[in-house]
Amino acid sequence: MKHALRSCLAFLCASTLAAAAQPAIHTPGDNATMYLIATDTMPNDGQSDVTDAIQQLIDNNPNRTIFFPDGTYLISRPILTPAAPARSVSLKLADFAVIKASPNWQDTEAMLRLGASHPANDINTNGSNFSLSGGIIDGSEVASGVSIDGGRETFIRDVSIKHTRIGIHIKRGANNGSSDADITHVNIVGTGKTDSIGVLLDGYDNTMTDMRIAKVHTGVVLKSAGNSLRNIHPLYIHTQQVDDVGYLTSCGFYDIKGSNWFSSCYSDHFATGFKTGRNAVSVFNSCISFWYCGCGACHTAFHAEGSFNSVLTDFRAGFNSPKVENIFLVVEEEGGCGVLERPRFKLGMTKHEQYKAYLKSSVIDR
């Protein structure tokens, strides 16, 4: 009897150890209490159009997080999520889950339109903080990526957006134009065409941090105020047609409205690093415009349409080619109350001296 009991215990112990050494096997629905699993109701083979299946999953499951396992989810028209807190959902993608636009995409709106249905201006009701996180949004060179159409407290994080005309478009928000969105740890790759934009801001009072943007004609366009940008790095890729006429109008950051804050933002190889709209007033701290080759006819670190009224502190211009016309500051109309404190650039690389009218310290010549 004792021998049989010892044998039984040894068998159970060995079985337990063997099971522990193996990865857990989950059947569809195991995580239903946590997430809805998209592949329970649709294929992710990259061949089947799953637009209707995704939209139905969103519409029929308010206040749930929908999880997309690795694979490719082909869509042919925009997916809309609700703004109303009682109906909102969050979309969570595995690292290698791809929501991909069909090559036959015809719509001018973004692939994912967050808060585009059931309008609401409500931060008091639970459910207002809907989101998109993780995975890859692939525009197939024909579609825009993600837009925030409504609601407040929306966030986008840890997402890779590829091959899109506009990577992220934050539309005018529900709260008197304020969209109050948070965008962080997002990488964007555009199409390389002259209409390609990394981020377009129409809504007010948004926060953007830790982003990389590449292969676009304009990195970030701000048509609104009250936005905070930190560690945003748009890059004009050298393999784009940098010697054509289009390069002359390329721009890293175009702040049309003003009343925005930029910290440690880096314009990389655009013809114009930073541009402000007519009489715009914004603050730029520890920002940089940099060029690593001499493509194009002119490199401008900062361009003010109208008069210059912004504050630039510790702003660096990385001029590296004497073969092009290097300009630290272009001001279209004399005057303005702009301030330059501790600008840094090689004085021998530029003959333009318009910046001197706004200097409050010496130039750091290096």
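Would you mind getting the Kirkwood hydrodynamic radius of region 55-129 from its Cα pairs, rounded to one decimal in Å? Please report the intermediate quantities before stating the final value.
Values: mean 1/r = 0.0755 Å⁻¹.
This gives a value of 13.2 Å.
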**Request:** Please list the non-local residues whose amide H lies under 5 Å from the amide H of ASN63, H modeled 1.01 Å from N, same-chain partners needing a gap of 5 or more.
**Result:** SER88, VAL89
**Asked** By how many degrees, 0 to 90 and rounded to 10, does the Cα axis of helix 2-21 deviate from the longest principal axis of the chain?
**Response** 30
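Using 0.36 nm per residue, how much length does the chain from ASN60 to ASN320 gain when fully extended, once their Cα-Cα distance is taken away?
Numbers: separation 260, 0.36 × 260 = 93.60 nm, distance 5.68 nm.
Using 0.36 nm per residue and subtracting the Cα-Cα distance, I get 87.9 nm.
Using the C-alpha gyration tensor of the chain, what are the square roots of 5 times its eigenvalues, in whole angstrom, with the largest one first?
On the way: eigenvalues 440, 113, 80 Å².
Values for the chain, descending: 47, 24, 20 Å.
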**Rounded to whole Hz, the Karplus (6.51, -1.76, 1.60) HN-Hα couplings of region 308-318, x for glycine and proline** = 9, 10, 8, 10, 10, 10, 6, 8, 10, 10, x
**Message:** From the phi angles alone, apply the Karplus equation (6.51, -1.76, 1.60; θ = phi - 60°) to region 278-293 and give each ³J(HN,Hα) in whole Hz, x where the residue is Gly or Pro.
**Reply:** 4, 6, 5, 10, 9, 10, 10, 10, 6, 9, 9, 10, 9, 10, 9, 8
**Request:** Could I have the simple spin-label model distance between SER48 and ASN121, label points 7 Å from Cα toward Cβ, reported in nm to one decimal?
**Result:** 4.2
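So what's the net charge close to GLU333: Lys and Arg +1, Asp and Glu -1, counting the other residues with Cβ under 13 Å from its Cβ?
Working: positive: ARG278; negative: GLU305, GLU332, GLU334.
Net local charge, GLU333 excluded: -2.
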**Item:** Bins of 5 Å from zero: percent of alpha-carbon pairs in region 29-216
**Value:** 2, 9, 18, 22, 22, 16, 8, 3, 0, 0
**Prompt:** Once a ≥ b ≥ c are taken as the square roots of the eigenvalues of the Cα gyration tensor of region 64-107, is the result rounded (a/c under 1.5), prolate (a/b larger than b/c) or oblate (a/b not larger than b/c)?
**Reply:** oblate
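Every number here is computed from the coordinates shown, using simple stated rules; none is lab data. In this text the structure is predicted, and so the values were computed from the model without any measurement. Virtual Cβ from ideal backbone geometry, glycine too; neighbours counted across all protein chains shown.
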